[in-house]
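The values are calculated or read from the model by the stated rules, or taken from the named source; none is laboratory data. If you're wondering where the values come from, they're calculated on a predicted model, not measured in any experiment. All Cβ positions, glycine included, derive from the backbone under ideal geometry; neighbour counts span all protein chains shown. These area figures cover heavy atoms from the full protein model, side chains too; ligands, DNA and RNA do not enter into them. Shrake-Rupley method; radii C 1.70, N 1.55, O 1.52, S 1.80 Å.
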Amino acid sequence: QLQLVESGGDLVQPGGSLRLSCAASGRTFSTYAMGWFRQVPGKEREFVAVIRSGDSTYYADSVKGRFTISRDNAKNTVYLQMNSLKPEDTAVYYCAARKGYAGINEYEYAYWGQGTQVAVSS
């Protein structure tokens with residue numbers, strides 16, 4: 001069992017930056033693929049980024065070049081550095097995990113956090 005707790009959401013102006021964190025419980029964090037998803041009210045949750053146990057990463061086209069996912073296995077934490085934020089990045093951001101390999105689909109992930117709100121507005 002893995003428990004995930006996100007933090008770092010805030011209100012930021014367009015063009016600004018935020019770093020989200022997701023702290024995980026458990027002793028085998030390094031063996032999990034960790035993903036970030038986001039959801040706007042009334043819309044389906046969408047994939048943002050994933051980092052796998054070998055540190056390979058993959059991003060949604062909408063955030064490529066602006067967002068960076070990383071992990072610190074010693075701290076059981078995954079990060080999402082978000083730069084050049086746009087109003088359309090406004091959403092609740094969720095951290096998700098799956099042991100082994102995971103891709104871009106929600107159903108691939110077994111564990112989810114409660115989410116953290118990011119609002120981009122002037």
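In whole percent, how big is the carbon plus sulfur part of the accessible area of the chain, probe 1.4 Å, protein atoms only? Accessible surface attributable to carbon and sulfur in the chain totals 46 percent. 3J(HN,Hα) couplings calculated from phi for segment 85-102 with the Karplus curve 6.51 cos²θ - 1.76 cosθ + 1.60 (θ = phi - 60°) are, in sequence order, 5, 10, x, 6, 7, 4, 4, 8, 9, 10, 9, 9, 9, 8, 5, x, 9, 8 Hz; Gly and Pro show x. Among 65, 103, 35, the largest mean-square fluctuation in a Gaussian network model of the chain (Cα springs under 10 Å) belongs to 65. Taking every protein chain into account, the 1.4 Å probe leaves residue 52 with about 40 Å² of accessible area, to the nearest ten.
Using a probe of 1.4 angstrom and keeping all protein chains present, the accessible surface of segment 30-101 works out to 48 square angstrom per residue.
So for the chain, taking the charge dipole from beta-carbon charges (+1 Lys/Arg, -1 Asp/Glu), which of 97, 57, 29 sits furthest toward the positive end? Highest projection toward the positive end goes to 29.
Ranking 99, 86, 75 by solvent-accessible area of protein heavy atoms (1.4 Å probe, all protein chains present), from largest to smallest, gives 75, 99, 86. Number of Lys-Lys pairs in segment 24-105 with C-alpha atoms under 24 Å apart and a separation of 8 or more places or on different chains: 4.
So what's the net charge close to residue 68: Lys and Arg +1, Asp and Glu -1, counting the other residues with Cβ under 13 Å from its Cβ?
+3
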